[in-house]
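Asker: There's a structure below that I have some questions on.
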Amino acid sequence: MFKGKDFPTQLDAIAQVLGTTKLRAYADKYKEDMVTSILDSVGDHPEVPFESFVTPENQHKANKEALDLLKQMLVYDHVR
């Protein structure tokens, strides 16, 4: 597992969108050796629907199929 100096920051940015409930479930399922301090550093974030990122400026690119593709690709656990 990558443990570079920016790992907690990157993980927090991801967790702010995908939520921390699924992150913790992933760590438990795969027995990941995420240091407790790293998991604690991301805090608790709810999952944010991708639809909430649609703006008047990008709505022409954010059709149903594009949002569905994001939902399928941007996951913690590819097996689910």
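Asker: Across region 51-80, what is the total count of residues that are open to solvent by 100 Å² or more (accessible area, probe 1.4 Å), at negative phi and not aromatic (Phe, Trp, Tyr)?
Answerer: 10
Asker: Limited to region 36-80, what total is found for residues that are in contact (Cβ under 8 Å) with a residue 24 or more places away in the chain and outside any helix (DSSP H, G or I)?
Answerer: 11
Asker: Could you list all residues from region 21-35 that are among the acidic types (Asp, Glu), open to solvent by 70 Å² or more (accessible area, probe 1.4 Å) and part of a loop (DSSP other than H, G, I, E, B)?
Answerer: The one that is among the acidic types (Asp, Glu), open to solvent by 70 Å² or more (accessible area, probe 1.4 Å) and part of a loop (DSSP other than H, G, I, E, B): ASP33.
Asker: Another question about this same structure. So, in region 36-50, of the ones that are surrounded by 13 or more Cβ atoms within 10 Å (Cβ to Cβ) and either of a type in the set (Gly, Ala, Ser) or out of contact with any Pro (no Cβ under 8 Å at 6 or more places or on another chain) (or both), which residue ends up farthest from TYR76 (Cα to Cα)?
Answerer: Ranking the candidates gives SER41 first.
The values are calculated or read from the model by the stated rules, or taken from the named source; none is laboratory data. Since the model is a prediction, treat every value here as computed from it, not as a measurement. Positions of Cβ are backbone-derived with ideal geometry, glycine not excepted, and every protein chain shown enters the neighbour counts. SASA here: full protein model, heavy atoms, side chains in, ligands and nucleic acids out. Shrake-Rupley method; radii C 1.70, N 1.55, O 1.52, S 1.80 Å.
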